[in-house]
Amino acid sequence: MSNMRDVMGLCVRYGKTDSQYQTEFEPATGTLWGYFNPKEGTPCYSLGLLNDILEHDKQLVANHCNVDVDGMPYPVYQYVTASRIPGVFNVGGDLALFVMLIKARDRTALANYAKLCIDNIYPRTQAFFSPTLTKIALVQGDALGGGFECALASDVIVAEESAQMGMPEILFNLFPGMGACSLLSRRIGLRAAEELILSGKVLPATEMHKLGIVDVLATDGHGETAVRNWIANNAKRRNGMQAVFRARQFIHPMTREELDGIVELWVDAALRLGERDLRMMNRLVRAQMRRMQSSTDAPLELAVTPHEALVAAV
């Protein structure tokens, strides 16, 4: 396989076969593809998925952003995050777990979950500590809460037109505490970020594109092609472009201390939730489960106003 660098479109699987985060590498372009692939239940950030992602990404950093294929190291120039679940990128935090821990008043476990999320998101905000890696999110379905945060941590967001994104946490009287405030404000400004977060709105990719959040709109079913086209169209200026992306860290530095501090606020706020809020959270869990059991491509039962959702939850 010595000529793999010349075979366009060839993807080689690597990593653990039973992982909930499946990875492939495209040697010809230096593109790593990482796919959310939860084994069962809601396609959220379960502890299992978070640990599988972290295990992969830690190894990537340890290898200085090189991938070993048949004993040969290949540099990673693009890291694309996508999903294997039709119609869903990732619906965010494990709400069922949150309800259980909040009812048990288990601050330690809740804080440990939140810290694990930051352990995942922080290296991503730093381009996995590589000056020559571009992060791309391919959103082909619903990206909510933590799923939206993952996309926001990328340099480039490519989204299919039917995709929906948003931060619905305000529906159950909470806020997205694992990076959303920091990441979104750096894209559209603090005031606009706060307004979007406090609205609880889940918006189509077309609207997110108008807001300057989505970088590339793709027609449905052509997301991967759009990513490959973007990579090919920017190949000749990759070095300069990556330097511009890294310059963002000097202009608006993203620190671990900032993320950790906001997570502490999130844990405190979560433990202040009342029964009414937890009922709303359970309602959203049921909506997610119905979505996964449905054979249709109908949007999640989150495309309602915060007032409508809260009234329905009582």
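The values are calculated or read from the model by the stated rules, or taken from the named source; none is laboratory data. Note that the structure is predicted; figures quoted are calculated from it, not measured. Positions of Cβ are backbone-derived with ideal geometry, glycine not excepted, and every protein chain shown enters the neighbour counts. Note: accessible area is taken over every heavy atom of the protein model, side chains too, but ligands, DNA and RNA are not part of it. Shrake-Rupley method; radii C 1.70, N 1.55, O 1.52, S 1.80 Å.
Residue under question is Tyr35, and the condition is that it be surrounded by fewer than 20 Cβ atoms within 10 Å (Cβ to Cβ) and in contact with a Ser or Thr (Cβ under 8 Å, 6 or more places away or on another chain); does it hold?
Details: surrounded by fewer than 20 Cβ atoms within 10 Å (Cβ to Cβ): yes; in contact with a Ser or Thr (Cβ under 8 Å, 6 or more places away or on another chain): yes.
Yes; evaluated as a whole, the condition is true for this residue.
Please verify whether Arg279 is open to solvent by 80 Å² or more (accessible area, probe 1.4 Å), among the basic types (Lys, Arg), at pLDDT 75 or above and within 30 Å of Glu26 (Cβ to Cβ), treating the condition exactly as stated.
Values: open to solvent by 80 Å² or more (accessible area, probe 1.4 Å): yes; among the basic types (Lys, Arg): yes; at pLDDT 75 or above: yes; within 30 Å of Glu26 (Cβ to Cβ): no.
Against the criterion (open to solvent by 80 Å² or more (accessible area, probe 1.4 Å), among the basic types (Lys, Arg), at pLDDT 75 or above and within 30 Å of Glu26 (Cβ to Cβ)), Arg279 does not qualify.
Filtering segment 138-171 to residues that are outside any strand (DSSP E or B), among the aliphatic types (A, V, I, L, M) and at pLDDT 95 or above leaves Ala151, Leu152, Ala153, Ala163, Met167, Ile170. Condition check: buried (at least 19 other Cβ atoms within 10 Å of the Cβ) and modelled with pLDDT under 95. Does Pro73 satisfy that? Taking the combined requirement at face value, the residue does not satisfy it.
A Cβ distance below 7 Å, combined with a sequence gap of six or more or placement on separate chains, defines the contacts here; from segment 59-80, residues that are hydroxyl-bearing (Ser, Thr, Tyr) reach residues that are open to solvent by 60 Å² or more (accessible area, probe 1.4 Å) and at pLDDT 95 or above in the pairs Tyr77/Arg238.
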